[in-house]
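Data block below; observations after.
The values are calculated or read from the model by the stated rules, or taken from the named source; none is laboratory data. Since this is a predicted model, take the numbers as computed values, not measurements. Positions of Cβ are backbone-derived with ideal geometry, glycine not excepted, and every protein chain shown enters the neighbour counts. These accessible areas exclude ligands, DNA and RNA; they are computed on the full protein's heavy atoms, side chains included. Shrake-Rupley method; radii C 1.70, N 1.55, O 1.52, S 1.80 Å.
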Amino acid sequence: MLQGSYGKEPFDLRLMVLRLLGKLHIIIGVTALGVLLFGGGYCVKNVLLREETLYETTSIYYVEYNVEKELEVGTVHVNQTSWNTYVQTELFLDAVQSHLKENNTLSDGSKIVLSDDELSATIQAYLASDLRVPSTKVTTNHPEKSVLIARAVEKAMVGEMTESLREITDM
């Protein structure tokens, strides 16, 4: 008889192993049930009911506002809602469309053709806690398409956006 001590109590190792072997069917059943419940739920959620894969491209800009001192940046009335409005305007979308026409061929030879509504649905603007650091995010279902649209958005932000907003001196 193999005996040890667990704390200050005597412990019979052989008896414990025999009882464990006697309850082995319960242990295997509970383990299999856990695998089916948790693994099955994970499989259903992440494999069967998986959403469409989306690809995002983020571009970050540094904006110099038309203010006398750097401390007056807070007096500029440009916030995240303003940036989202700017990137959804017809002027901005037309600029993006014109830049996109310059380079809109995917590697498989197809061309990117988007209406203004489809294009505006892919573009969002975000503003960090610093008003001088806006960013744009392009989200599509094709990685190469995201990159090409993001490049066109960058050109429009740096070019036409800087020229059209009187609050901005440089981007």
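Things worth noting here:
- Test: residue in the stretch 147-155 that is among the acidic types (D, E) and either part of a helix (DSSP H, G or I) or more than 22 Å from T58 (Cβ to Cβ) (or both): yes
- Scan of the stretch 100-134 for residues that are surrounded by 16 or more Cβ atoms within 10 Å (Cβ to Cβ), of a type outside the set (K, R) and in contact (Cβ under 8 Å) with a residue 60 or more places away in the chain, ordered by number: L131, P134
- Every condition in (1) touching a strand residue (DSSP E or B) at 6+ places or on another chain (Cβ under 6 Å); (2) at pLDDT 90 or above; (3) open to solvent by 50 Å² or more (accessible area, probe 1.4 Å) holds for P143 except the one numbered (2).
- Complete set of residues in the stretch 50-61 that are at pLDDT 85 or above and either open to solvent by 100 Å² or more (accessible area, probe 1.4 Å) or part of a helix (DSSP H, G or I) (or both): L54, E56, I60
- Scanning the stretch 152-170 for residues that are free of Cβ contacts under 8 Å to residues at least 24 places away in the same chain and open to solvent by 70 Å² or more (accessible area, probe 1.4 Å) yields a single hit, E163.
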